[in-house]
Every structure is written in C-alpha cells, then in structure tokens.
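Report on the following structure.
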Amino acid sequence: MTVGGLVGCSVRFDDRVTGRVNAFASRAKIIHIDIDPTSISKNVVVDVPIVADCKQGLSGLIEETDKIMKAQSSRGADYDTGGLIARARGLVSVLIPLFVSAFKRAEDLAVAMEARCYRGGDSRTRLRIMKYQSRDVLFGISIMIASLGILALRVLLS
C-alpha cells in the first residue's frame with residue numbers, strides 16, 4: 001500500500017517544476033490551492049481543486065482536519081499507538097472525509113463565483129506596456145536638478 005499526497009499552494013505545475021508533466025506524482029493524491037481557477041489543473045490534473053487564497057485555504061484544511069480527527073477520536077479511532085503502518089491506516093479515516101469536505105467546499109465556491117458572474121481567463125486582466133515619453137524624461141531631469149540643488153545647499157550651509 002502506497003500512501004502519498006501533495007499539497008500545492010499557488011504553484012504552477014509546469015515542466016520546470018515537475019520535470020515530465022505526464023509522469024509527475026502519478027500515484028499521489030494532489031490538492032491544489034490557488035486563487036485563480038484557471039491555474040488549477042492547467043498542466044497537472046489534481047484530485048482536490050480548491051479556489052482560495054493560500055492562507056485561508058490551508059487554515060481551512062487544518063481546521064477541517066482537526067474537526068474530523070476529534071470526531072473520529074470520539075468514535076474510537078486511535079492515531080498515536082501502533083507502528084507506522086497502523087497509524088497510516090488510521091489516517092484513512094481522516095483523509096476520506098477531508099477530501100469529501102474539500103470537494104464540497106470547492107463546489108460551493110465555484111457556484112458562488114458563478115452566481116456573482118465571475119469569469120476568469122483572457123478578459124480578467126490586461127497587461128499595459130508603458131513606454132517612455134518626453135514628460136518622463138523631463139520629470140527625471142527635474143528630479144536630478146532638485147537633488148543636486150539640495151546637495152549644493154547642504155555643502156554651502158555646512
């Protein structure tokens with residue numbers, strides 16, 4: 001039994017990060033937290049997509065994990081005794097509800113964003129390339145003259 005997981009926060013899973021994208025973490029369950037929904041599952045298909053700010057997303061996962069672990073402990077689950085394999089098997093009772101909760105949260109957030117007419121993609125932001133103009137050069141020269149004037153006054157007054 002192989003247990004593996006990966007949590008990516010605001011990560012672009014491209015070939016520079018993953019090496020070969022198609023063979024990256026093929027047996028692991030991947031949780032991807034990103035504020036931009038168009039970045040999730042763009043290059044690597046993730047198991048649990050979460051559209052949120054990373055700080056809020058991780059704190060939500062930690063709170064949810066604590067809540068599930070307390071609930072499972074009250075039902076008799078034991079996470080502290082036994083060998084490594086026994087403890088890993090005990091965590092399965094936490095991971096399954098955690099994944100279900102994360103999927104529900106992601107779906108609720110997607111519905112809320114859609115209800116507010118959020119559209120990601122090309123129309124979301126635009127890059128405006130700025131070019132130097134004559135007023136920029138004049139402003140730079142005036143700053144230099146003012147700086148030299150201040151330095152000259154300091155030298156003369158000292």
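Any read-out appearing in this document is the output of simple, stated calculations on the displayed coordinates, not a laboratory observation. Small disclaimer: the values here were computed from a predicted structure and weren't measured. Please note: Cβ atoms are built from the backbone with ideal geometry, for glycine as well, and neighbour counts cover all protein chains shown.
So which lysines can LYS29 reach, going by Cα to Cα under 28 Å and dropping same-chain residues fewer than 8 places off?
Leaving aside lysines fewer than 8 places away in the same chain, those within reach of LYS29 are LYS42, LYS55, LYS67, LYS70, LYS104.
Take each of the peptides 32-39, 58-65, 70-77, average the number of other beta-carbon atoms within 10 Å over its residues, and list them starting from the highest.
Top to bottom by mean Cβ count within 10 Å: 32-39, 58-65, 70-77.
In nm, to one decimal, how far is the modelled label at CYS9 from the one at VAL111, with both set 7 Å along Cα→Cβ?
Reported label-point gap for CYS9 and VAL111 is 2.8 nm.
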